[in-house]
Amino acid sequence: MAKTFRVKVLRQDGPQDGSHWETFELPYEDGMNITTVLLRIAANPVTVDGKETTPVAYDSCCLEEVCGACTMVINGRVRQGCSALVDALLKESSDGIELRPMTKFPVIRDLLVNRKAMFESLKKVKGWIHVDGYYDLGPGPRVSPKVQEEAYPLSRCMTCGCCVEACPQFNEHSTFIGPAAISQAILFNMHPTGKVDRDDRLAVLAGVGGIADCGNSQNCVKVCPKEIPLTDSIAEAGRDTTLYTFRKWFGR
Ligand code: SF4
Ligand code: SF4
Ligand code: FES
């Protein structure tokens, strides 16, 4: 008989609806990830009790842990469905696999959440580099190898939400912009052109919901799938905002 395993999914029909669990039993296939699991459920959405149900809603795009869209809580740990392999998950928990949506964002349906809060935080810190135009401006300013080495790890952020899911300070009652936006502010402040907006970014980090709201619990850095040194960025942001505040006091 083919080997099977169980998958328990926290379902929710819409943003205002309550949630409930549904359990599915699937035949095991070599190399399965959670995206495959959700596709197999979609092909035959029948629970272990024989109840016909709807396919599970979820988000995905790149299927290679680059876009962050498929982030969800898998066996109690926030991570990406496309890179979470069934073999490893069944070793973690012999009872099967449990899927829930992230808790820090409004649920749209099932495992699909609205990560708008993260993009709003990026807008606040101007998480971009201004350009003068889209014509050929010639070679840009040179970036030293040292700055490249510091910037590259931060540039790997995919706005997945794992860090804010783990952050006790980021919740519906707080205005904290969260570790990802802090780290992106540091990244763009390092860039020779991005520096133009340096003080605007530091003003946001020094203000309400900024760096002072970080409780330094360091949960964020432990769950980042891209191993971004978030606590280094937070420490840098602390130093930079202190200097910024002094400069403002002395009118410079
Ligand atoms: S910093 Fe890491 S955990 Fe946070 S959003 Fe970016 S990639 Fe995801
Ligand atoms: S170190 Fe700061 S940003 Fe990171 S999880 Fe803790 S409170 Fe949140
Ligand atoms: S689909 Fe892009 S990270 Fe999983």
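The values are calculated or read from the model by the stated rules, or taken from the named source; none is laboratory data. Owing to the predicted nature of the structure, the values given are computational and were not obtained by experimental measurement. Every residue, glycine among them, receives a Cβ derived from its backbone with ideal geometry; neighbour counts consider all protein chains shown. All accessible areas refer to the heavy atoms of the entire protein, side chains included, with ligands and DNA or RNA removed. Shrake-Rupley method; radii C 1.70, N 1.55, O 1.52, S 1.80 Å.
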Just for region 36-61: of the residues that are touching a residue at least 24 places away in the same chain (Cβ under 8 Å), hydrophobic (A, V, I, L, M, F, W, C) and open to solvent by 10 Å² or more (accessible area, probe 1.4 Å), which one is farthest from ligand 1 (Cβ to nearest atom)?
V48
Total residues in region 13-31, condition assigned to a strand (DSSP E or B), in contact with a Ser or Thr (Cβ under 9 Å, 6 or more places away or on another chain) and of a type in the set (F, W, Y)
1
Take the residues in region 80-110 that are in contact with a Leu (Cβ under 7 Å, 6 or more places away or on another chain) and in a strand (DSSP E or B), then tell me which one is farthest from T175 (Cα to Cα).
I97
Would you tally the residues in region 83-122 being closer than 13 Å to P225 by Cβ and out of contact with any strand residue (DSSP E or B) (no Cβ under 6 Å at 6 or more places or on another chain)?
1
Kindly indicate whether K123 is within 17 Å of the chain's Cα centre (by Cα), open to solvent by 50 Å² or more (accessible area, probe 1.4 Å) and farther than 30 Å from M32 by Cα.
yes
Which one of V208, V221 is at pLDDT 95 or above, in a loop (DSSP other than H, G, I, E, B) and closer than 18 Å to A235 by Cα?
V208
E64 being at pLDDT 95 or above, surrounded by fewer than 16 Cβ atoms within 10 Å (Cβ to Cβ), within 16 Å of ligand 1 (Cβ to nearest atom) and not hydrophobic (A, V, I, L, M, F, W, C):
yes
Tally time: how many residues in region 46-79 are within 18 Å of I108 (Cβ to Cβ) and either part of a helix (DSSP H, G or I) or not small (G, A, S) (or both)?
13
